[in-house]
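Participant: Just passing along the structure, written as structure tokens.
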Amino acid sequence: MRSSKLISVVPRTLPESHLYSFHFIPTLRSIDFFQSLSAYVAVSMSRQPYVTGTSVLGLIYEGGVLIAADTAGSYGSTTRFKSVERMKAVSNNTLLGASGEISDFQAITQLLDRLIVADAMWDDGNDLGPLDIHNYLTRVMYNRRNKFDPLWNTLILGGVKNGVKHLGSVSMIGVHYVDNHIATGFGIHLAQPIFREEWKENMTLEEGTRLLEKALLVLFYRDRSAINKIQVANVTEDGVHISQPYALKSEWNLEAFKNPTASAAGSW
Amino acid sequence: MRSWKLAKMSMVFAPRLAESAPTSHVGASWSPYDNNGGTCVAIAGADYCVIAADTRMSTGFSILTRDYSKIHHITEKCVLASSGFQADVRSLQKNLDARHQIYQHQHSKQMSCPAMAQLLSNTLYYKRFFPYYSFNVLGGLDNEGKGCVYTYDAVGSYERSGYSSQGSGQTLIMPVLDNQLKSASPLVLPPRESSTPLTESEAVDLIKDTFASAAERDIYTGDGVEIVIINKEGIRRETMALKRD
């Protein structure tokens with residue numbers, strides 16, 4: 001019997017097979033083919049996210065880069081985990097923050113750890129800077145997209161090297177850009193407009209942090225996957241410092257909340 | 001091969017993987033493509049070429065950044081402007097750069113614009129069955145120093161012309177260019193050198209006007225326009241602000 005050399009994988013048994021329902025799929029999408037193929041061989045294709053993080057925000061200030069995110073890991077509509085690290089120092093002058101699938105983010109940080117170690121072992125007086133890591137991650141994300149097996153994240157990369165500040169974003173299909181202020185997910189809709197109005201050149205650490213917190217508060221009010229437990233990371237030429245998680249002061253003592261159905265006849 | 005055939009046969013009847021994540025939609029379907037918008041224009045003159053593109057990068061109804069360059073200098077005399085899916089555009093640019101480096105090593109000279117035009121076409125067609133979602137306009141000076149513009153679709157069919165536009169504002173700009181630049185029949189005497197009677201500065205002004213017009217009605221065009229002018233003196237760059245709404 002000739003063995004298939006097409007894909008060198010091991011056929012796997014699916015633990016929850018009794019839960020799968022059988023449907024006739026009259027479509028011709030290549031994605032359907034791949035998904036159904038993965039029932040027989042361990043080919044992971046496309047997938048969907050399971051435990052996800054919501055927005056990450058970043059901005060450039062006079063001393064470097066500030067990046068912030070909350071610490072929630074959602075499982076669909078449930079807030080399953082409340083102490084998830086969504087930002088990690090990549091090297092001593094670069095920080096990576098991620099929204100989207102948490103396990104993919106953790107895989108990326110492991111990949112970057114190996115990359116940084118391999119680069120440091122050259123010991124040639126030059127280390128990978130934030131721009132290099134940004135370009136590298138863009139290639140990683142794009143190449144996974146080409147194989148129809150994306151890492152389900154939108155990444156924010158910030159850092160300082162030789163006085164040059166860098167802040168950029170990479171999406172799960174490889175779309176990337178650089179700007180003075182960046183946001184992912186809901187932050188694009190809620191935080192970026194605030195940044196566009198209030199960001200200016202050479203903000204102090206204090207001003208930058210306040211601006212980030214203002215945006216995070218809006219996100220806590222309006223993004224249902226956000227929680228009021230945030231971390232703010234400060235990346236300068238000298239190093240990366242991620243704060244301990246803390247809460248923002250939020251205001252819920254509003255009339256409309258006290259008696260929400262006051263003006264709705266027939267409600268309770 | 002037998003298990004592969006079995007898998008293919010069972011393709012239509014295979015179990016639909018019920019989602020094990022508590023989301024309401026059945027299986028996330030993601031697209032490997034996105035349209036990041038933007039418009040590119042190029043006009044070729046007797047001894048110059050003007051290439052321009054707006055600087056807005058969008059996704060869906062959001063603006064990602066207002067200051068992203070869609071213009072890429074591939075060779076000394078050749079500039080590529082591309083709109084469409086930004087990740088594919090960037091990957092295409094890097095691909096051409098690498099090929100150009102190899103060419104320079106092998107031929108001890110830069111690629112000419114017509115040569116790069118053919119290379120771009122071949123590179124695009126190479127991915128005919130998973131295309132670069134990239135709408136390109138290549139502009140520069142040909143081997144005789146005359147302006148040339150090559151215009152492409154996403155899979156590599158191309159044509160040299162006197163002027164072209166591609167991207168989200170193409171349908172708004174092209175008729176204006178046709179009105180201003182389209183030559184009469186080539187049988188008309190005296191024979192004309194190029195299809196653009198404009199001077200370099202007139203061409204630049206025309207481009208500024210067309211972008212300002214496109215930015216009015218095309219939501220993906222705006223923020224700013226970057227204009228690159230190539231002539232025998234070299235390459236020069238201008239920018240102009242556009243409406244940010």
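The values are calculated or read from the model by the stated rules, or taken from the named source; none is laboratory data. Since this is a predicted model, take the numbers as computed values, not measurements. Positions of Cβ are generated from backbone atoms using ideal geometry, with glycine treated the same way; all protein chains shown enter the neighbour counts. Note: accessible area is taken over every heavy atom of the protein model, side chains too, but ligands, DNA and RNA are not part of it. Shrake-Rupley method; radii C 1.70, N 1.55, O 1.52, S 1.80 Å.
Participant: Roughly speaking, to the nearest percent, how much of the range B:84-178's 1.4 Å accessible area is carbon and sulfur?
Facilitator: Carbon and sulfur: 51 percent of the exposed surface of the range B:84-178.
Participant: Which FRET efficiency value, to the nearest 0.05, do you get for B:LYS243 and A:ARG196 by plugging their Cβ-Cβ distance into 1/(1 + (r/R0)^6) with R0 = 22 Å?
Facilitator: Taking R0 as 22 Å, the efficiency between B:LYS243 and A:ARG196 is 0.90.
Participant: From the protein chains alone at 1.4 Å, what is the descending order of accessible area for A:THR236, A:THR78, largest first?
Facilitator: Heavy-atom accessible area, descending, gives A:THR78, A:THR236.
Participant: What is the distance in Å between the Cα centres of the range B:35-69 and the range A:146-182?
Facilitator: 21
Participant: Excluding A:VAL56 itself, calculate the net charge of residues whose Cβ lies under 15 Å from the Cβ of A:VAL56, where each Lys or Arg counts +1 and each Asp or Glu counts -1.
Facilitator: -4
Participant: Which value, in Å² rounded to 10, gives the accessible area of B:SER213 with a 1.4 Å probe and all protein chains present?
Facilitator: About 70 Å², rounded to the nearest 10.
Participant: Ranked from the most accessible area to the least, with a 1.4 Å probe and all protein chains present, what is the order of A:PHE186, A:PHE148, B:PHE129, B:PHE211?
Facilitator: Output order, biggest surface exposure first: B:PHE129, A:PHE186, A:PHE148, B:PHE211.
Participant: Further question: Taking 8 Å as the Cα distance limit and 6 or more residues as the minimum spacing, I'd like the relative contact order of the range A:51-247 as a percentage.
Facilitator: Once normalised by length, the contact order is 31 percent.
Participant: Roughly how big is the B-A contact, given as buried accessible area in Å² (both sides, 1.4 Å probe, nearest 100)?
Facilitator: 4300
Participant: Given 20 °C and 1.002 mPa s, how large is the Stokes-Einstein diffusion coefficient of the range A:51-247 in µm²/s, with Rh as the Kirkwood radius over Cα pairs?
Facilitator: 130
Participant: Here is a further query. Which pairs break 21 Å Cα to Cα here: B:LYS94/B:LYS127; A:LYS82/A:LYS249; B:LYS127/B:LYS182; A:LYS165/A:LYS249; A:LYS229/A:LYS249?
Facilitator: B:LYS127/B:LYS182; A:LYS165/A:LYS249, as the Cα separations exceed 21 Å there.
Participant: List the pairs from A:LYS214/A:LYS258; A:LYS161/B:LYS232; A:LYS200/B:LYS77 whose alpha-carbon separation is above 26 Å, in the order I gave them.
Facilitator: Correct reply: A:LYS161/B:LYS232; A:LYS200/B:LYS77.
Participant: Where does the charge balance sit around B:HIS105 when Lys and Arg score +1, Asp and Glu -1, over other residues with C-beta under 15 Å from its C-beta?
Facilitator: Charge balance in the 15 Å sphere: +1.
Participant: So how do A:ARG80, B:ARG217, A:ARG196, B:ARG66 rank on accessible area, 1.4 Å probe, biggest first, that is with the largest at the start?
Facilitator: Descending order: B:ARG217, A:ARG80, A:ARG196, B:ARG66.
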